[in-house]
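See structure below.
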Amino acid sequence: MSWDEKAFKEKLENNHDFPGEYIFKFIVKPEHENEVKALVSNAEIKLKPSSGNKYVSVTLTSEMLSSEAVIDVYKKAHTIEGIIAL
């Protein structure tokens, strides 16, 4: 993964109150939709297919306890083939 985890953690803590609601947005091919939906238990899930149905946008809204919990979700997401995090 090519991101500065420490800097991201600082941004999360400066811009969000934990515990609190956090919104994750990902784009994947439809065959990976269920993997994304499984990233966060008890999340509110919104799906939006692309105009050509080649991709699906998955929005997961959930109560997150800490910045570390958010980072853990992104680490798990990184293992999903072709995922784009927004």
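The values are calculated or read from the model by the stated rules, or taken from the named source; none is laboratory data. Since the structure is predicted, the reported quantities are computational estimates derived from the model, not experimental observations. For neighbour counting, all protein chains shown are included, and Cβ atoms are generated from backbone atoms with ideal geometry for every residue, glycine included. The area values use the complete protein model at the heavy-atom level, side chains included, leaving out ligands, DNA and RNA. Shrake-Rupley method; radii C 1.70, N 1.55, O 1.52, S 1.80 Å.
Can you send over the carbon and sulfur percentage of the accessible area for the chain, probe radius 1.4 Å, protein chains only? Looking at the chain in its full context, I get 48 percent from C and S. The C-alpha atoms of the chain define a longest principal axis, and helix 5-15 lies at about 80 degrees to it. What do you get for the angle between helix 67-77 and the principal long axis of the chain? Use alpha-carbon atoms, 0 to 90 degrees, nearest ten. For 67-77 against the chain, the angle is about 30 degrees.
How high is the relative contact order of the chain, given as a whole-number percent (alpha carbon pairs under 8 Å, six or more residues apart)? For the chain, the relative contact order is 39 percent. When the C-alpha to C-alpha distance is required to be over 19 Å, the pairs from Lys11/Lys75; Lys48/Lys76; Lys25/Lys48; Lys37/Lys75; Lys6/Lys29; Lys11/Lys46 that qualify are Lys48/Lys76; Lys6/Lys29; Lys11/Lys46.
The largest accessible area among Ser51, Ser62 belongs to the first residue in Ser51, Ser62, and the rest follow in falling order (1.4 Å probe, all chains).
Restricting the chain to GluC sites (Glu not before Pro) that sit in a DSSP loop and have at most 14 other Cβ atoms within 10 Å of their own Cβ leaves Glu81. Averaged over its residues, the chain has an accessible area of 67 Å² per residue, based on protein heavy atoms and a 1.4 Å probe. Calculated [222 nm] ellipticity per residue, helices only, for the chain: -9000 deg cm²/dmol; basis is -39500 (n - 2.57) per DSSP H run with n ≥ 4, divided by all residues, nearest 500.
Which whole-angstrom value gives the distance between the alpha carbon centres of the stretch 59-85 and the stretch 1-44? Comparing the Cα centres of the stretch 59-85 and the stretch 1-44, I get a distance of 3 Å.
When +1 charges are put on Lys and Arg Cβ atoms and -1 charges on Asp and Glu Cβ atoms, the dipole computed for the chain relative to its Cα centre reaches about 380 debye. Under the combined filter of DSSP loop state and at most 15 neighbouring Cβ atoms within 10 Å, the chain retains these trypsin sites (Lys or Arg not before Pro): Lys54.
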